[in-house]
């Protein structure tokens with residue numbers, strides 16, 4: 001069985017689909033590559049933000065569950081999502097950009113010899129930018145060519161995912177013995193793990209939070225993290241592996257845009273395994289119009305009239321717009 005390749009996507013919960021679209025599009029400069037619905041709750045949006053082409057390892061997605069309460073940060077949870085930028089200079093650009101758009105952020109800091117910049121959105125959802133400068137590992141994606149952020153500074157993919165655990169020894173067992181990651185090093189209460197070729201796009205940073213109360217999911221929190229696997233054959237190998245571990249899991253799930261498998265190997269944290277393809281360019285949308293229409297997987301298309309009545313329309317058309325690349329003076 002091949003090792004996990006890296007982070008595939010992260011799915012979080014937002015209080016407002018329109019506001020998260022605007023934040024990711026106009027502030028973060030990520031491309032909406034699919035506007036669809038939660039396949040287990042078709043009254044809920046599922047928005048996919050990614051690189052220019054919707055490449056695996058670049059997308060963060062959001063649900064807007066109706067009536068959901070604010071999430072509570074705590075132990076045994078996914079605590080922060082990060083993104084990759086090309087250089088240390090890019091982080092300096094983002095400091096100016098965040099100040100311009102009134103985004104709450106910290107100063108640049110170093111984790112495991114990697115420069116990073118922490119920030120939050122309107123829900124208090126926690127993010128970070130990580131510089132790829134001098135960091136080897138799995139390759140990243142492509143900047144959104146027609147987005148507002150200059151290509152040389154733009155987000156190109158997902159970076160390390162942050163997990164909180166009440167039992168660092170058990171989490172290490174899950175990541176190393178069950179998921180075949182490598183333990184790289186410790187820094188204070190943090191431990192760095194890597195999978196596949198390593199690097200920012202294949203890293204998990206675990207914090208020992210045994211003294212915290214349990215986290216609770218809600219808007220402003222992460223729902224699950226997905227790891228990259230090559231194809232359906234590999235997915236079934238992971239099914240067999242989980243069976244041998246005696247772990248409960250979903251079995252094969254067809255998400256149309258990729259194939260999935262879900263499991264909870266650690267309390268409070270949902271892991272997904274997701275295939276590289278087939279991807280977001282399909283029979284409904286081509287490269288130029290990705291994310292502009294309400295797209296539905298084939299098994300839901302006979303319910304389009306119902307879906308369009310229960311989800312609040314969001315104007316996501318960008319093919320008729322021109323974004324100027326934004327630079328900021330010193």
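Quick notes on this structure:
- Per-residue [θ]222 nm for the chain (sum of -39500 (n - 2.57) over DSSP H runs n ≥ 4, rounded to 500): -4000 deg cm²/dmol
- The label point for residue 304 and the one for residue 320, both projected 7 Å from the Cα toward the Cβ, are 1.9 nm apart.
- Net lengthening on full extension, residue 186/residue 66 (0.36 nm per residue, minus Cα-Cα): 39.2 nm
- Percentage relative contact order, the stretch 7-310, counting C-alpha pairs under 8 Å, at least six apart: 23
- Long-range tail of P(r) for the stretch 1-113 (Cα pairs > 25 Å, %): 31
- Ranked by the mean number of other Cβ atoms within 10 Å of their residues, highest first, the peptides 78-85, 231-238, 271-278 come out as 78-85, 271-278, 231-238.
- Footprinting exposure proxy for 219, 262 (fewest neighbouring C-beta atoms within 10 Å first): 262, 219
- Shape descriptor for the stretch 24-86: Rg over Rh equals 1.00 (Cα atoms; Rh from the Kirkwood inverse mean 1/r).
- Order of 142, 165, 191, 58 under a 10 Å beta carbon neighbour criterion, fewest first: 142, 191, 165, 58
- Each 20 Å bin, from zero up to the one with the longest distance, holds this percent of the alpha carbon pairs of the chain: 33, 61, 6.
- Ratio Rg/Rh, restricted to the stretch 276-315 and using Cα atoms, in which Rh is the Kirkwood radius: 0.99
- DSSP-defined beta bridges in the chain - what % are antiparallel, rounded to 5: 70
- Residues 166, 221 arranged by fewest to most Cβ contacts within 10 Å: 166, 221
Values in this text are rule-based calculations from the coordinates and carry no lab data. Every value quoted in this text rests on a predicted model; they were computed, and no experiment measured them. With ideal geometry, Cβ positions are generated from the backbone for all residues, glycine too; neighbour counts draw on all protein chains shown.
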